[in-house]
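Remarks on the structure that follows.
The values are calculated or read from the model by the stated rules, or taken from the named source; none is laboratory data. Predicted, not measured: the structure shown is a model, and the values here were computed from it. Here the Cβ positions follow ideal geometry from the backbone for every residue, glycine too, while neighbour counts run over all protein chains shown. Just so you know, the surface numbers come from the protein's heavy atoms only, side chains and all, with ligands and any DNA or RNA stripped out. Shrake-Rupley method; radii C 1.70, N 1.55, O 1.52, S 1.80 Å.
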2 protein chains.
Amino acid sequence: MITRTEQEAARERAAEMLERAGIVARQVELEQIEVADFGLGELDESGVQILTLVDAERIAVKVLVLFPYQTEPEHKHPRIGDYPGKEETIRCQWGELYLYVPGEPTSQPIAFPAAHRRHTYTVWHEHILHPGDQFTFQPNTPHWFQGGPEGAVVWTFSTKAIDVEDIFTDPDVRRKTVIMDG
Amino acid sequence: MITRTEQEAARERAAEMLERAGIVARQVELEQIEVADFGLGELDESGVQILTLVDAERIAVKVLVLFPYQTEPEHKHPRIGDYPGKEETIRCQWGELYLYVPGEPTSQPIAFPAAHRRHTYTVWHEHILHPGDQFTFQPNTPHWFQGGPEGAVVWTFSTKAIDVEDIFTDPDVRRKTVIMDG
């Protein structure tokens with residue numbers, strides 16, 4: 001749960017970072033930036049700001065803005081009926097991104113999710129993405145990521161996005177953010 | 001057919017435009033920019049420079065660079081077996097793009113393909129794309145486009161790209177560019 005005031009402040013901050021990063025977007029797109037707190041009510045630690053550019057029949061293009069050390073919680077994109085699940089490439093445009101995927105756990109990972117949620121993070125193989133670096137996930141691959149000291153601006157290119165079907169490791173996560181007056 | 005020298009010059013010119021447009025790419029990606037003359041041997045009039053960022057199982061992301069008034073010839077993306085054909089969104093990042101699709105022909109279109117090829121352009125419904133503007137094609141939709149006075153830098157987000165299967169209206173087009181020494 002976040003307040004409308006918090007939502008608006010996060011949108012403005014995200015829009016400034018997008019501009020600094022060289023992302024070209026129309027005003028109407030920027031006004032619809034999604035501010036997601038994943039129902040955890042601690043946006044600065046667990047959350048992401050999402051600019052949607054393309055949401056077509058078979059492809060989706062979004063730009064994620066992560067504030068400094070903000071974490072998108074661990075999740076995966078499952079098969080749904082005939083749909084084999086989302087194939088997704090994330091590509092760093094600006095800043096630094098700490099990305100975690102299945103594989104040998106990195107001994108001293110840089111990112112630190114909120115301490116009281118750390119048990120809901122199960123994959124610890126680290127990739128550090130700088131501008132121009134990218135990584136492709138096949139469906140059903142758990143992953144999570146955190147912005148660096150200045151945050152990160154990250155493209156996601158994917159097949160059809162059905163966000164509400166994403167499966168999060170943390171049972172407290174609610175994908176749809178509730179916005180309260182205030 | 002173009003020479004290796006022409007290819008290299010077009011690559012460098014494209015890389016400069018990409019940088020000016022705020023596209024973030026690694027050196028190894030820039031070195032592989034495809035210079036396509038569509039076999040017509042008149043690159044400045046009919047051609048495109050293509051930076052490939054993602055070429056995954058089910059998605060492709062490329063950035064097209066069009067020099068001033070350079071035209072990508074009319075083509076469409078057909079169904080191939082079980083594959084319903086490429087769904088593609090093009091989005092202008094920089095400059096100005098004149099885009100032509102099926103529909104009511106525009107009475108005074110801005111773009112002008114090379115005069116001796118004009119008969120191979122059959123769709124004349126004009127859209128003018130400025131930075132942040134985009135357009136989505138379903139498979140099998142004929143389309144062509146031309147860069148404006150300063151050229152254009154244009155994203156294409158799509159399902160799997162199988163360029164060699166694209167169908168061009170101009171029977172002289174050869175999708176694979178031949179590079180000659182020199």
Would you confirm whether any residue within segment A:159-180 is closer than 19 Å to A:ILE90 by Cα and of a type in the set (Ser, Thr, Tyr)? yes
Checking the structure you have, find out if any residue of segment A:98-112 is hydrophobic (A, V, I, L, M, F, W, C), farther than 26 Å from A:ASP172 by Cα and in contact with a strand residue (DSSP E or B) (Cβ under 7 Å, 6 or more places away or on another chain). no
Please find, among B:GLY95, B:GLY85, B:GLY81, B:GLY22, the residue that is over 25 Å from B:MET180 (Cα atoms), surrounded by fewer than 19 Cβ atoms within 10 Å (Cβ to Cβ) and within 14 Å of chain A (Cβ to nearest Cβ). B:GLY22
Go through B:THR122, B:THR141, B:THR136 for me and flag whichever is open to solvent by 80 Å² or more (accessible area, probe 1.4 Å) and under 30 Å from B:GLY81 (Cα atoms). B:THR122
What are the pairs with Cβ atoms under 9 angstrom where one residue, in segment B:24-37, is in a helix (DSSP H, G or I) and the other, located anywhere, is of a type in the set (A, V, I, L, M)? Sequence gap at least six, or different chains. B:GLU29/B:LEU51; B:GLU29/B:LEU53; B:LEU30/B:ALA14; B:LEU30/B:ALA15; B:LEU30/B:LEU18; B:LEU30/B:LEU51
Mind checking which residues of segment B:62-76 are within 14 Å of another protein chain (Cβ to nearest Cβ) and either free of Cβ contacts under 8 Å to residues at least 12 places away in the same chain or open to solvent by less than 10 Å² (accessible area, probe 1.4 Å) (or both)? B:VAL63
Given (1) within 25 Å of B:ARG13 (Cβ to Cβ); (2) assigned to a strand (DSSP E or B), number of the condition B:ARG175 does not satisfy: (2)
Selection status of B:ILE2, crowded, with 21+ Cβ neighbours inside 10 Å and more than 19 Å from B:THR156 (Cβ to Cβ): yes
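Okay, residues lined up against (1) within 14 Å of chain B (Cβ to nearest Cβ); (2) over 16 Å from the mean Cα position of the chain (by Cα); (3) of a type in the set (S, T, N, Q); (4) part of a helix (DSSP H, G or I):
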site	(1), (2), (3), (4)
A:GLY103	no, yes, no, no
A:GLN108	no, yes, yes, no
A:PHE112	no, no, no, no
A:ILE128	no, no, no, no
A:GLY132	yes, yes, no, no
A:THR141	yes, no, yes, no
A:VAL154	yes, no, no, no
A:ALA161	yes, no, no, no
A:PRO171	no, yes, no, no
Select from segment A:46-61 the residues that are away from chain B (no Cβ under 14 Å) and crowded, with 20+ Cβ neighbours inside 10 Å and list them in ascending order. A:SER46, A:GLY47, A:VAL48, A:GLN49
